[in-house]
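The structure under discussion appears below in the form of structure tokens.
The values are calculated or read from the model by the stated rules, or taken from the named source; none is laboratory data. As the structure is a prediction and not an experimental result, all values here were calculated from the model. Ideal geometry is used to build each Cβ from the backbone, glycine not excepted, and the neighbour counts take in all protein chains shown. We work out accessible area using only protein heavy atoms, side chains counted, and drop any ligands, DNA or RNA first. Shrake-Rupley method; radii C 1.70, N 1.55, O 1.52, S 1.80 Å.
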Amino acid sequence: MKVRGKVRSAAAVIVALLLLAGCGANAGSGDKLSGMRIMVPNSPGGGYDITARTAAKVLEESGLARNVEVFNLPGAGGTVGLGRLVGEKGNGKLLMSMGLGVVGSVFTNKSPATLQDTTPIAKLIEEPDIIAVSAKSKYKNIEQLLADWKADPAGLAVGGGSSRGGPDHLAAMLTAKGAGVQPKKVNFVSYDGGGDLLAAILGDKLAFGVSGVSEWRDQIDAGQLRVLAVTSDQRVEGIDAPTLKEAGLDVQFTNWRGIVAPPGISDSDRKKLIDTVQRMHDSKEWKQALENNGWTDAFQIGEQFGAFLKEQNEQVETVLSDLGLSSS
Amino acid sequence: MLSNLLDGFATALTVEHLLLAALGVLLGTAIGVLPGIGPAMAVALLLPITYSIEATGAFIMFAGIYYGGMFGGSTTSILLNTPGETAAVVTAIEGHPMAKKGRGAQALATAAIGHFVGGMVGTILLVALAPLVADFAVNIGAPDFVAVMLLAFIAVTSVLGKSRVRGFASLAIGLTIGLIGLDPVTGQQRLTFGSLHLVDGIDVVVVAVGLFAVGEALWVAANLRRTAGKPIPVGRPWLNRDDVRRSWKPWLRGPVIGFPFGAVPAGGAEIPTFLSYVTEKRLSRRKDEFGKGAIEGVAGPESTASASAAGTLTAMLTLGLPTTAVAAVMLAAFQQYGIQPGPLLFERESELVWALIASLFIGLTLLLLLNLPLAPLWARLLRIPRPYLYAGILFFASVGAYAVSSDVVDLVMLLVIGLIGLMMRRFGLPVLPAIIAVILGPSVENQLRRALQLSGGDLGGLVNTTFSVVVYCVIAAILLWPLIARLVRKFARPKVDSHAG
């Protein structure tokens, strides 16, 4: 026991020193928030996690908040964390990073807590999906692909880096709907993230894949992947592909991430949180972080974000109930 | 290539980088020891802290954490029957019985050397085969996986134990636990009883710690009054000549199994370590010792686990393809530094990549130097009287389960599985098939259904690759071998009578 104790306490000291080194940058002053916690409803290393940790770091570096603690409560596509957040009614020092994936998970997992119960704070970033094939694929443009897909929906396997109700699944289904393919007939194969999916596309196991644009930048640059279309309403810089709108489909889709707070927080808490996030967004550190991560700014706060959430919720519900994945 | 590698060593051998590698290895070992906190989580949690270090140094540290974490997990596996990582689950099967017989130091030593050898060979393969691996990794698809996993299931029969019925009962328990969670294709909930906490299924580590450690602690507690508590003997600290003679072949066979698995998507370390275990059992001349502490059963899987880590890094560096959670986190880390991981990484960031590879060699050597002298010290842990030792194990297992997501539900789950483990011991069911089923069941289901989805429901989609056909032929040969052998003997005997004697 003695040996183990020593090793463990040594490890604890090292971790503590590292933590100190990380937090040493900011000096205390003014009306900054302290003791804030950001919950990540996914495991470490995932999209919500990186967003939350980057936000925490920017808040501290720009002197807006002190001792921001990020913690993970993964499970059920984010709905375990959502349940906890909704349970923390009135807690003005808790935030949760979330995104489109959580909206879908509420339906697929039949979560009792919904995003409508939360206090919307801000939408931070967004990312369009792309429709991509391997360089060896016979499909050179989106029209060829859509023609074949319409003719034989079941014969063309579509891969996505998320499970049912996740962003890539929604993007594929919305595209299908726009193209006149019945969503129920789509042969959607779900992969464990963009990397797993990438191998299947490069190995020509799938007709095409749908994933976030930032996942495969390098493979696109190296010419291993051909992008047939982007799902946003504008073309994406550095990617030579039309939007789905240009291809004649009335489809516009972007994945997004944002921050919500527990229900029933006081007006002054809500104002303080929104104000802090606004100032974080305006800081040069945040701009640098956006650039480093290849994120697209999509800032929206308070009621605006709330209205957006409501609209997304309805859109997702329609798509999923078409597929029999939503109870209503 | 060689000059690149030498340049890499020049970068990695600076004082700062050496220190970072050592720190990574130490942190990784400490983290690996705790069940629940895996290397993936460790790297993710350290990410924001390493921003103050430049990219090369940070990745050298991450690689150290990865290798260290893979190793640390096996220490508790052997001594406390509490695997810290999924890669170390198989190590507990032979490692813990060895420790109970007073050969804990030897088990730790053979694990340390196996880890070193596996990692070294794996890293050399990384340097030599990187471009080939890239091709291999993308060409392995769902049908190939189904074939390999069927092979693994056939191999399960060799761990069923004396009573087939009990073995299959245990297998069924494991497969049922594996069914818990969302259906991978339709998204329907299975066996979740409406609880969101069960939607993601139960983590293999929680099942392994529950069945192995908690189950055994409860069993010992239930029987402590009847069996006189004699302390576990602590034998000689070093490997003797016989140990080395029995270990060196498994050490070298490990990378052959582990490296390819690590490099392909969804490969990971669990399935290859299990395959290594059954291979060693089949090849060993002392099959009767298996289950009671055979050193081959520690040496092989440890070397395999370490080599699979090297395979994972190969796929990550050459393709930008994360095949395990750790690699996925490291990829995210690359992006944080403004580096795009992927096929162009070797050209664009040549200095960083080669320094990283060189530091793998250095990290492995540091791990060996750190762990070999520590083995006898660790082994002394078992001198603690049994009531305290098992109380410690229970405490340790609970902290680990709780650490995964700071959720009380995980503790309840651990206890329930522990009770299942206790009942299984009470009724003589072997624990091993259940664990193997939890590892294999969900992945075989996922890959089988994916393969059928890709072929549009056509069963021909399962045999449409050369690789899968080859594996099915091997399976057929293994199954039919007793029959063929009997036929051959029958026909051969009348002619060459002397052969039978």
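Loop by DSSP (not H, G, I, E, B), at most 13 other beta-carbon atoms within 10 Å: where is the longest site-free stretch of chain A for GluC sites (Glu not before Pro)? Answer - A:1-236.
Taking amide hydrogens as placed 1.01 Å from N in the peptide plane, the amide H of A:L73 sits under 5 Å from those of A:V40, A:N42, each at least 5 positions away in sequence or on another chain. Of all stretches in chain A that contain no trypsin sites (Lys or Arg not before Pro) in a DSSP loop with at most 13 other Cβ atoms within 10 Å, the longest one is A:141-328. Extents of segment A:208-328, taken as max minus min of Cα coordinates on every principal axis and listed largest first, are 51, 44, 21 Å.
The residues of segment B:297-329 occluded by other protein chains by 20 Å² or more of accessible area, set against the chain on its own, are B:L319, B:L321, B:P322, B:V329; surface from heavy atoms, 1.4 Å probe. The residues of segment B:437-458 listed by number as losing at least 40 Å² of accessible area in the complex, against the isolated chain and with a 1.4 Å probe, are B:R450, B:Q453, B:L454.
Here the relative contact order of segment A:139-201, from alpha carbon pairs under 8 Å that lie six or more residues apart, stands at 39 percent.
Computed over every Cα-Cα pair of segment B:362-461 and binned at 10 Å starting from 0, the pair-distance distribution P(r) comes out as 12, 20, 29, 24, 11, 4 percent.
For segment A:89-172, chymotrypsin sites (Phe, Trp or Tyr not before Pro) meeting the loop criterion (DSSP other than H, G, I, E, B) and having at most 12 other Cβ atoms within 10 Å: none.
The alpha carbons of segment A:53-168 stretch over 55, 36, 20 Å along the principal axes, in descending order. Step through the table entries B:K100/B:K287; B:K100/B:K249; B:K162/B:K249; A:K245/A:K284, compare each Cα-Cα distance with 26 Å, and write down the pairs that go over it. Listed pairs above 26 Å: B:K162/B:K249; A:K245/A:K284. Quantify how much of the Cα-Cα distance distribution of segment B:205-362 extends past 23 Å, in percent. Percent of Cα pairs beyond 23 Å in segment B:205-362: 56.
For chain B, the alpha-carbon radius of gyration amounts to 0.98 times the rule-of-thumb value 2.2 N^0.38 Å expected for a compact globular protein. For peptide B:191-204, the mean count of partner chain Cβ atoms within 10 Å of a residue's Cβ comes to 3. Contact-buried residues of segment A:46-85, at a threshold of 20 Å² lost accessible area versus the chain by itself: A:I50, A:R53, A:K57, A:N72, A:L73, A:P74, A:A76, A:V80 (1.4 Å probe; DNA, RNA and ligands ignored). Peptide B:373-384 is shielded by partner chain Cβ atoms: per residue, an average of 2 of them sit within 10 Å of its Cβ. For segment B:146-162, the Karplus equation 6.51 cos²θ - 1.76 cosθ + 1.60, evaluated at θ = phi - 60°, returns couplings of 4, 4, 4, 6, 4, 4, 4, 5, 4, 5, 4, 4, 7, 10, 5, x, 5 Hz by residue, with Gly and Pro reported as x. Legend: translational diffusion of segment B:1-69 by Stokes-Einstein, Rh = Kirkwood radius over C-alpha pairs, 37 °C, 0.692 mPa s; D = 266 µm²/s. Computed over segment A:128-254, the alpha-carbon pair-distance distribution with 5 angstrom bins reads 2, 12, 25, 28, 23, 10, 1, each value a whole percent. Taking every DSSP helix (H) stretch of at least 4 residues in chain A, weighting each as -39,500 (n - 2.57) and dividing the sum by the residue count yields a mean residue ellipticity at 222 nm of -13500 deg cm²/dmol.
Annotation note: chymotrypsin sites (Phe, Trp or Tyr not before Pro) in segment B:238-306 located in DSSP loop regions with a Cβ neighbour count of at most 14 within 10 Å are B:W238. Rounded, prolate or oblate: which fits segment B:88-212, taking a ≥ b ≥ c as square roots of the Cα gyration tensor eigenvalues, rounded meaning a/c under 1.5, else prolate when a/b beats b/c? It is oblate, given that a/c is not under 1.5 and a/b is not larger than b/c. You can think of it this way: the chain between A:K136 and A:K310 has 58.5 nm of extra reach, that is 0.36 nm per residue less the Cα-Cα gap.
Across peptide B:331-344, the average count of Cβ atoms from other chains found within 10 Å of a residue's Cβ is 5. Using Cβ point charges alone (K and R +1, D and E -1), the dipole size of chain B about the Cα centre works out to roughly 2980 debye.
For the pair A and B, the buried accessible area comes to roughly 4600 Å² in total, with a 1.4 Å probe and the value rounded to the nearest 100. Taken about its Cα centre, segment B:112-234 carries a charge dipole of about 860 debye when Lys and Arg each add +1 at the Cβ and Asp and Glu each add -1 at the Cβ. Computed with a 1.4 Å probe over protein heavy atoms only, the accessible surface of the protein assembly as shown comes to 40 Å² per residue. Legend: P(r) of the protein assembly as shown from all alpha carbon pair distances, 10 Å bins from 0, whole percents, reading 2, 13, 23, 26, 21, 11, 4, 1, 0, 0. Ranking B:M330, B:M413, B:M423 from most to least accessible surface, computed with a 1.4 Å probe over the protein chains only, gives B:M423, B:M413, B:M330. Among the protein heavy atoms, those of A:D240 account for about 140 Å² of accessible surface (1.4 Å probe, every chain in place). When the Cα atoms of chain A are aligned to their principal axes, the ranges along those axes come out at 63, 45, 44 Å in descending order. Projecting the Cα atoms of A:S62, B:V244, B:A332 onto the dipole axis of the protein assembly as shown, where Lys and Arg carry +1 and Asp and Glu carry -1 at the beta carbon, places B:V244 farthest toward the positive end.
Taking H as built 1.01 Å from N, whose amide H comes closer than 5 Å to the amide H of A:D129, not counting residues under 5 places away? HN-HN under 5 Å from A:D129: A:T231, A:S232, A:N255. The slack between A:D297 and A:R279, meaning 0.36 nm per residue of separation minus the straight C-alpha distance, is 5.1 nm.
With all pairs of different C-alpha atoms in the average, the Kirkwood value for the hydrodynamic radius of segment B:241-291 is 11.8 Å.
The length gained by stretching the chain between B:L18 and B:R426 to full extension, at 0.36 nm per residue less their Cα-Cα distance, is 141.8 nm.
Database remark: amide H of A:Q300 closer than 5 angstrom to the amide H of A:K123 (H placed geometrically; neighbours at sequence offset of 5 or more, or on other chains; Pro and chain starts carry no H). Only helices enter the 222 nm calculation for chain B: every DSSP H run of n ≥ 4 contributes -39,500 (n - 2.57), and dividing by all residues gives -24000 deg cm²/dmol, rounded to 500. Element breakdown for the protein assembly as shown at a 1.4 angstrom probe: carbon and sulfur atoms account for 60% of the accessible area. Which helices, counted as full DSSP H runs in chain A, have an axial Cα extent of no less than 20 Å and a Kyte-Doolittle average of 0.5 or above? What comes out of the filter, once short or polar helices are dropped, is A:2-23. With contacts taken as Cα pairs under 8 Å and at least 6 residues apart, segment B:147-229 reaches a relative contact order of 16 percent.
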